[in-house]
Amino acid sequence: MAKFNMTRRGLIIAGTGLTLAGCDRIVNSPSARPALTFGEHASMGWQRLIGRDALAKEFSRDMISPVFKANGSINPQTPDYLRHASEGFRNWRLVVDGLVNKPVSFSLAELRAMPARNQITRHDCVEGWSAIGEWTGVPLATLLNAAGMQPEARYVIFHCLDNLGGEEGKGGQMTPGQYYESVDLVDAFHPQTIVAYNLNRQPLGIPHGAPARMRIERQLGYKHAKYLARVEVVSSFTGMAGGRGGYWEDRGYEWYAGI
Ligand SMILES: Nc1nc2c(c(=O)[nH]1)N[C@H]1C(S)=C(S)[C@@H](COP(=O)(O)O)O[C@H]1N2
Ligand SMILES: [Mo]
């Protein structure tokens with residue numbers, strides 16, 4: 001498992017355009033953490049130089065990939081998800097809570113009735129594949145503003161309905177297998193950060209995260225949480241699951257996956 005993660009990490013670093021010579025050797029040493037933190041910070045610094053508010057490139061319709069690969073969970077089997085899917089997601093609601101003035105929730109019909117953003121972007125997965133697709137959804141900023149952010153708010157957590165199975169972590173503790181992700185407020189309020197319900201103008205299918213999933217276009221694929229259930233505003237994520245801010249982060253990926 002560790003080896004697998006490290007291979008993917010190599011790709012993350014390649015994907016961010018950084019060249020870290022002897023990276024594999026650094027990664028496999030016990031002092032890997034500072035080296036990786038360096039890479040992560042370099043990537044964030046680089047984005048700061050260009051501007052973290054800058055838009056990811058958008059494409060024309062003729063550039064859309066004929067097939068958009070589905071990856072990770074593609075058919076969740078949790079009781080909650082199976083129930084929602086069997087009901088055609090009629091009783092599904094997206095909850096927005098945590099450090100907000102007023103917790104709110106939205107049905108799929110309510111989301112679809114809100115002002116939408118449409119964007120044709122390229123998805124980059126650390127496993128080494130990319131695909132261009134047209135996404136439609138509600139800007140996350142709209143939902144966060146509806147709830148009202150409290151001053152201590154620093155991060156937004158995306159809780160998902162799928163479970164990839166827990167694993168034994170350090171000290172024999174089980175790491176929960178529920179998929180989750182997090183971003184800071186710059187990415188949360190980025191204009192291309194949307195709760196997407198359509199892919200290529202069709203309702204999102206189950207493999208791609210029905211009924212709604214995140215698109216966070218300045219970040220790598222694993223940040224784009226599918227099967228969304230809850231958006232939680234927090235001041236810190238260190239007490240949650242493995243403490244590193246995401247399912248894959250808890251298994252060794254970098255938290256900051258900017259592209
Ligand atoms: N809930 C959930 N979200 C997820 C994943 C997952 O397994 N579960 N996989 C991630 C990864 S690694 C990628 S590349 C994208 C894949 O999205 P796609 O299936 O629409 O291509 O979803 C991301 N979001
Ligand atoms: Mo991915």
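The values are calculated or read from the model by the stated rules, or taken from the named source; none is laboratory data. These numbers were taken from a predicted model, which means no experiment stands behind them. A quick note on method: Cβ atoms are made from the backbone with ideal geometry, for glycine too, and the neighbour counts reach across all protein chains shown. Heavy atoms of the whole protein, side chains included, go into the accessibility calculation; ligands, DNA and RNA do not. Shrake-Rupley method; radii C 1.70, N 1.55, O 1.52, S 1.80 Å.
Looking at segment 129-155 only, could you name the residues that are farther than 29 Å from VAL104 by Cα and either among the charged types (D, E, K, R) or open to solvent by less than 60 Å² (accessible area, probe 1.4 Å) (or both)? Correct list: TRP129, ALA131, ILE132, GLY133. For segment 91-111, state whether one or more residues are part of a strand (DSSP E or B), open to solvent by less than 50 Å² (accessible area, probe 1.4 Å), aromatic (Phe, Trp, Tyr) and within 16 Å of ligand 1 (Cβ to nearest atom). So far as segment 91-111 goes, no, none of its residues is part of a strand (DSSP E or B), open to solvent by less than 50 Å² (accessible area, probe 1.4 Å), aromatic (Phe, Trp, Tyr) and within 16 Å of ligand 1 (Cβ to nearest atom). Of the residues making up segment 222-241, those that are over 19 Å from LEU185 (Cβ atoms) and open to solvent by less than 40 Å² (accessible area, probe 1.4 Å) are TYR222, LYS226, TYR227, ALA229. Does at least one position in segment 43-61 carry a residue that is outside any loop (DSSP other than H, G, I, E, B), at pLDDT 95 or above, among the aliphatic types (A, V, I, L, M) and open to solvent by 30 Å² or more (accessible area, probe 1.4 Å)? Within segment 43-61, not a single residue is outside any loop (DSSP other than H, G, I, E, B), at pLDDT 95 or above, among the aliphatic types (A, V, I, L, M) and open to solvent by 30 Å² or more (accessible area, probe 1.4 Å). Among the residues of segment 200-221, the ones that are crowded, with 20+ Cβ neighbours inside 10 Å and away from ligand 2 (no atom under 16 Å from the Cβ) come to 4 in all. Of everything listed in (1) open to solvent by less than 40 Å² (accessible area, probe 1.4 Å); (2) more than 27 Å from GLN77 (Cβ to Cβ); (3) modelled with pLDDT under 95, the single unmet condition for GLY165 is (2). Evaluation of VAL126 against the conditions (1) open to solvent by less than 10 Å² (accessible area, probe 1.4 Å); (2) closer than 27 Å to LEU99 by Cβ; (3) part of a loop (DSSP other than H, G, I, E, B) shows that the sole unmet condition is (2). A single member of GLY133, GLY137, GLY166, GLY148 is free of Cβ contacts under 8 Å to residues at least 24 places away in the same chain and touching a strand residue (DSSP E or B) at 6+ places or on another chain (Cβ under 9 Å), and it is GLY166.
Return yes when LEU94 is in contact with a Lys or Arg (Cβ under 9 Å, 6 or more places away or on another chain) and hydrophobic (A, V, I, L, M, F, W, C) and no when it is not. The answer is yes for LEU94.
From the list VAL104, VAL156, VAL100, VAL126, pick out the single residue that is within 16 Å of ligand 2 (Cβ to nearest atom) and either over 23 Å from GLU217 (Cβ atoms) or among the hydrophobic types (A, V, I, L, M, F, W, C) (or both). Matching residue, one of VAL104, VAL156, VAL100, VAL126: VAL126. For segment 187-259, the strands (runs of 3 or more DSSP E) that sit wholly inside it and include 3 or more residues that are farther than 26 Å from PRO79 by Cβ are 193-199.
So for segment 249-256 (the condition being open to solvent by less than 10 Å² (accessible area, probe 1.4 Å), away from ligand 2 (no atom under 14 Å from the Cβ) and closer than 20 Å to SER130 by Cα), does at least one residue qualify? Checked segment 249-256: at least one residue is open to solvent by less than 10 Å² (accessible area, probe 1.4 Å), away from ligand 2 (no atom under 14 Å from the Cβ) and closer than 20 Å to SER130 by Cα. Checking each residue in segment 62-79 for being more than 12 Å from ligand 1 (Cβ to nearest atom) and either open to solvent by less than 30 Å² (accessible area, probe 1.4 Å) or closer than 18 Å to GLY221 by Cα (or both) picks out only ILE64.
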